[in-house]
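The values are calculated or read from the model by the stated rules, or taken from the named source; none is laboratory data. Predicted model only: the values in this text are computed from it and were never measured. Heads up: the accessible areas ignore ligands, DNA and RNA and are worked out on the full protein's heavy atoms, side chains in. Shrake-Rupley method; radii C 1.70, N 1.55, O 1.52, S 1.80 Å.
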Amino acid sequence: MLAFIKHLRKRWEDWCGDHEMETAIRKHLTQNGFFGGTARLRNVRLVAVQRPGWLQVFRFDATVRVRPEEEHEGVDPEAEYREVFGLVKDDIRHKLNTVRFFEKEDERIELFARWSDGLICLRGAHGLVTHEAPAR
């Protein structure tokens with residue numbers, strides 16, 4: 001029973017919840033040399049928002065399979081997988097999803113700092129805010 005509950009919790013944590021955003025992420029990965037349709041998306045979380053909520057920034061992690069650049073005659077190349085770290089800027093007013101991903105988490109944090117300037121940012125386990133709160 002405990003294993004089943006852990007399985008449900010993991011499924012809940014990895015659930016994107018927004019079909020359009022998931023499609024945009026997978027399409028962007030496919031356009032950039034990966035098999036986006038089979039990517040395993042994890043930790044899709046809202047990390048910044050602008051009031052009243054039309055502009056939102058989400059984070060995600062993914063395990064993606066690299067699309068081979070050239071086909072070998074009759075020989076399948078060994079599957080290569082990579083971990084990528086991404087951000088999605090979702091502007092509901094203009095129906096615009098901007099997706100970016102990186103192979104280094106530091107690069108994602110740098111872009112998040114630019115995208116989240118002036119927005120309300122999530123702190124804690126799933127947030128990307130790296131600076132400490134000022135001492136009182």
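Within a straight-line Cα-Cα reach of under 29 Å, K6 can be paired with the following lysines, leaving aside sequence neighbours fewer than 8 residues apart in one chain: K104. Ligands, DNA and RNA are left out, and with a 1.4 angstrom probe the accessible area of region 49-108 is 70 Å² per residue. The slack between D106 and Y81, meaning 0.36 nm per residue of separation minus the straight C-alpha distance, is 7.0 nm.
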